[in-house]
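Any read-out appearing in this document is the output of simple, stated calculations on the displayed coordinates, not a laboratory observation. Note that this is a predicted model, so its numbers are computed, not measured. Cβ sites come from the backbone with ideal geometry, for glycine too, and all protein chains shown count toward neighbours.
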Amino acid sequence: MGRFGFFIFLVFLFVLLDVYSFYGLKGLLSQGRYSRIYTGLYFAISAFGYFCIVHLYQFMSNGVSGTRSELFNFTSGFLLTLFITKLVFSIFLITQDGGRAIIGLFQYVKSLFGDGDASQQTFIPERRTFITNVGALVAAIPFLGCYMALQRKISIYGTKNYLDIS
């Protein structure tokens, strides 16, 4: 139960990060004329991430340890890449949303003791697009780095002892 419980926890965390990062990127993806393409691409990458989770579960539940296939190495590397990217982006969003929550709470308490009508005010300010853009750019660094490592067949885990850069 220990390995399976840890796997379920990681899947739950991945789904939580996926939903949170989608709504964080929604403000960036909804602008411009290519918004449907970007949204579709996000959903396609997330769907492939869920396929990687299923493939990893099948490999773990098989009970056979030994040589891993190239598909397993690719899917586990891609899943790790998605997880790190969404985690980095979510850290930026959490710091921004924490500040928004504190400001919203302060404005709400201020409206309770002030003369203004509390029902007409918006307490929580909007997300700042600059911070969201910076978070997306910083999160893209591990994604592109791991993606290039997967494309060049450089193993991060040391399972291969050669470097094919051609």
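Given a Förster distance of 25 angstrom, what is the FRET efficiency for Ser69 paired with Leu144, based on the Cβ-Cβ distance and rounded to 0.05?
Rounded to the nearest 0.05, the efficiency is 0.50.
Determine the gain in length on full extension of the stretch Ser61-Val11; use 0.36 nm per residue of separation and subtract their C-alpha separation, reporting nm with one decimal.
Residue separation times 0.36 nm, minus the Cα-Cα distance, leaves 16.5 nm.
Report the extension gain between Leu112 and Ile45 in nm, rounded to one decimal, defined as 0.36 nm multiplied by the number of residues separating them, less their alpha carbon distance.
Working it through step by step, the gained length comes to 19.6 nm.
Any idea what Rg and Dmax come out to for segment 2-151 if you just take the C-alpha atoms, in Å?
Gyration radius and largest Cα-Cα distance of segment 2-151: 19.8, 71 Å.
Compute, for segment 2-151, the length of the dipole vector about the Cα centre, with Cβ point charges of +1 (Lys, Arg) and -1 (Asp, Glu) only. Units Debye, rounded to 20.
200 debye
Go ahead and run the numbers for FRET between Ile37 and Leu87, Cβ-Cβ distance against an R0 of 22 Å, rounding to 0.05.
After rounding, the FRET efficiency stands at 0.30.
Could you give the nm distance between label points at Thr129 and Ser30, where each point is 7 Å from its Cα heading toward the beta carbon?
Going from the Thr129 label point to the Ser30 one covers 1.2 nm.
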